[in-house]
Each structure stands twice: as C-alpha cells, then as structure tokens.
Amino acid sequence: MKARGAFIVLEGCDRSGKSTQSQKLVEKLKETGVDAKLMKFPDRDTECGKLIDEYLRQKKPLTDEGIHLLFSTNRWEAKEFIEETLKRGTTIICDRYSYSGVAFSAAKGLNLDWCRSPEAGLTKPDLVFLLTLPIEVIMLRGGFGNERYEKKHMQEKVIEMYKLLKEEYWMEINADQPQDTLLNILYENSLKTIQEIGGKSLEHLW
C-alpha cells in the first residue's frame, strides 16, 4: 500500500507563532524532499470563511453558538480535499484545526461536549503540536488585541481548554525560544511522524 501523507496540526493561543512556524515547517520539509502543503483554518476565502472573517474583525455580530457552527462548517468544507491530498502522499501542515474551535468556544462558556459534537467525523490529525507561551509574552507580540478574542482573560481560558483536549498524539512545546530552535523541534518530530505513517488508514475525530 502506498504511504500516505501525514496530517500535522499546530495549535496554541493567538500570537504564539503558529502561522510563522507552519510556513517555515512546510518550506523546510520541501527542501528535504517531502511533498508538503500548508493549510490554515479558518479558510477566509470561502463564503463561510468570509462571514467568519467579518466576525473576527468585529464587523459582524453572531451568537457564540452560531459562530462555532460556522467555524465547524468551514472545516467540513475542506474534509474531502484534506483526505484526497493525504492519500496522494502529500503531507499537510495545518495552522489551527478543530481543537481551536472547541477551545475558544468552550472558553466562552459553551458546553465542551456540545462544542466537540459538530467536529465528530472530521479527519483526525496524526500529530498535534501545542505551542505554549506565558500570556505576558503573548501580549507583547505585535498585533495582539487586533481581533475579537485577543484579550488576556480569554487567552488564559483557551490554554486551559487546550489542555483538557490533549491526547496521546499531542506534543506540547514551549514556543518562547529562538525561531530556528523551535523550527528544528517541529521539523524533527514531523519527519518522524511522516516516516512512521506507511499505509496507516485515516482516522476520524471523536
């Protein structure tokens, strides 16, 4: 059976370096001969994603339940593409996924099990990196506070929820270190996962 690609997700609070490291990780994997593709959620280019973008930039009001279901729909839009890409042998590095949706909504006070329910059946990652930083460091990073959820109390609650969601395929990493050092940690562990995939079947969440 042909080896499929690995599905690797980077999670963490806002401004923890996920987007930068996701891009750098894809570039480094490609440099070493790995067929890799970058994805990110929310995908603000779809019709659903445009509504999410307006909400995040505080231009459109939505209920907590409504925005949660929009985020979930945004991921469901990509499910078929994700699975077809992985089966072709391409590794996907994904900046945020279902765990962000659940963590942020539960941090707002919604029931954790209800938050997970719309995600059940989505493609399960092979590896999740949880990038952590002291909240004081996050608040000093450029752009913090520009979007709806970038508030100190909210970010503290989000990291609590991430830790409730952690499973055996997660790896928590201190992101408060030089970018190159962090990238090497991500790269080495990603490569190990990619090499171990073989013909392993895709699994699904919850």
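The values are calculated or read from the model by the stated rules, or taken from the named source; none is laboratory data. Please read all numbers here as calculations on a predicted model, not as lab measurements. As a convention, Cβ positions derive from the backbone with ideal geometry for all residues, glycine included, and neighbour counts pool all protein chains shown. Side chains are part of the model used for accessible areas, which takes the heavy atoms of the whole protein and leaves out ligands, DNA and RNA. Shrake-Rupley method; radii C 1.70, N 1.55, O 1.52, S 1.80 Å.
Tabulated values for the structure
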quantity: Breaking point among (1) under 22 Å from Ala175 (Cα atoms); (2) at pLDDT 95 or above; (3) polar (S, T, N, Q); (4) open to solvent by less than 10 Å² (accessible area, probe 1.4 Å), for Ser16; calculated: (2)
quantity: Test result for Glu27, open to solvent by 80 Å² or more (accessible area, probe 1.4 Å), under 25 Å from Thr132 (Cβ atoms) and not basic (Lys, Arg); calculated: yes
quantity: From the options Lys79, Lys2, residue that is among the charged types (D, E, K, R) and either surrounded by 14 or more Cβ atoms within 10 Å (Cβ to Cβ) or modelled with pLDDT of 95 or more (or both); calculated: Lys79
quantity: Selection count, the range 39-48, where residues are outside any loop (DSSP other than H, G, I, E, B) and surrounded by 15 or more Cβ atoms within 10 Å (Cβ to Cβ); calculated: 3
quantity: Residues of the range 49-88 satisfying the condition of being part of a loop (DSSP other than H, G, I, E, B) and under 30 Å from Lys2 (Cα atoms); calculated: Glu77, Ala78, Arg88
quantity: Residue satisfying condition, being over 20 Å from Lys192 (Cβ atoms), free of Cβ contacts under 8 Å to residues at least 24 places away in the same chain and of a type in the set (Gly, Ala, Ser), within set Gly49, Gly66; calculated: Gly66
quantity: Residues located in the range 1-26, provided they are part of a loop (DSSP other than H, G, I, E, B) and under 21 Å from Leu122 (Cβ atoms); calculated: Arg4, Gly5, Ala6
quantity: Helices (runs of 4 or more DSSP H) fully within the range 89-206 counting 3 or more residues that are in contact with a Lys or Arg (Cβ under 7 Å, 6 or more places away or on another chain) and modelled with pLDDT of 90 or more; calculated: 98-107, 179-197
